[in-house]
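Worksheet: one structure, shown below.
The values are calculated or read from the model by the stated rules, or taken from the named source; none is laboratory data. Just so it is clear, the model here is predicted, and its values are computed rather than measured. FYI the Cβ positions are ideal-geometry reconstructions off the backbone, even for glycines, and counts take in every protein chain you see. When the accessible area is computed, the model is the full protein with side chains, heavy atoms only, and any ligands, DNA or RNA have been set aside. Shrake-Rupley method; radii C 1.70, N 1.55, O 1.52, S 1.80 Å.
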Amino acid sequence: MYMQGKRITPEQGKVYQNKGGGEFLCIESFDGSAVMQNTASRWTFKAHGITQYEDGTVEWDYSTRGHFERWPKRCRLCETHFDFSTLIINKCGGEWALGLRGGTIRNISDEDRVYFCPECGRKLTDEDFGGKGGKNP
């Protein structure tokens, strides 16, 4: 049985069932296309020529810019909002090591601060340093 479909611009934030299987979250929508993400695998792409059928399922003519998104905040440090301003890199016994800064001193030199989470590799932002970027205001 043939189902009628109509061209749509998906709604941002809504999850759509693909006609061929799988659920896809609309990350961003444009006129007739959208950035979609598979909710299981996080495969993310721009879908062009999106059609929605009477049963609510969708499909698209073609996709571009496909890639896997990194899992955000997937590690113990990032998930618990670890204060990275307490973490420093220094030489100990001739070898580089990570250490915890003690006391109340928060001023960390650019040479001693960490720029990436040591567990998951995510690039750190000012928010990870209490909005101070690891330095005193």
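For K6, go through the aspartates and glutamates and keep the ones whose alpha-carbon is under 18 Å away, minus same-chain ones fewer than eight residues off.
Straight-distance partners of K6: D31, E54, D55, E59, D61.
Can you spot the aspartates and glutamates whose alpha carbon is less than 14 Å from K14's alpha carbon? Ignore those fewer than 8 places along the same chain.
E23, E28
Label points 7 Å out from Cα along the Cβ direction at I89 and I8: separation in nm?
In this crude label model, I89 to I8 measures out at 4.8 nm.
In what order, largest first, do H67, H81 sit by accessible area if the probe radius is 1.4 Å?
From most exposed to least exposed: H81, H67.
Taking R0 as 35 Å, what FRET efficiency do you get between I27 and E111 from their Cβ-Cβ distance, rounded to the nearest 0.05?
0.40
Contour minus end-to-end for Y62 and E79, with contour as 0.36 nm per residue of separation and end-to-end as the Cα-Cα distance?
Length gained between Y62 and E79: 2.6 nm.
Cα to Cα, under 19 Å, and not fewer than 8 places away if on the same chain: which aspartates and glutamates meet these conditions relative to K123?
Reachable aspartates and glutamates: E69, E79, D83, D110, E111, D112.
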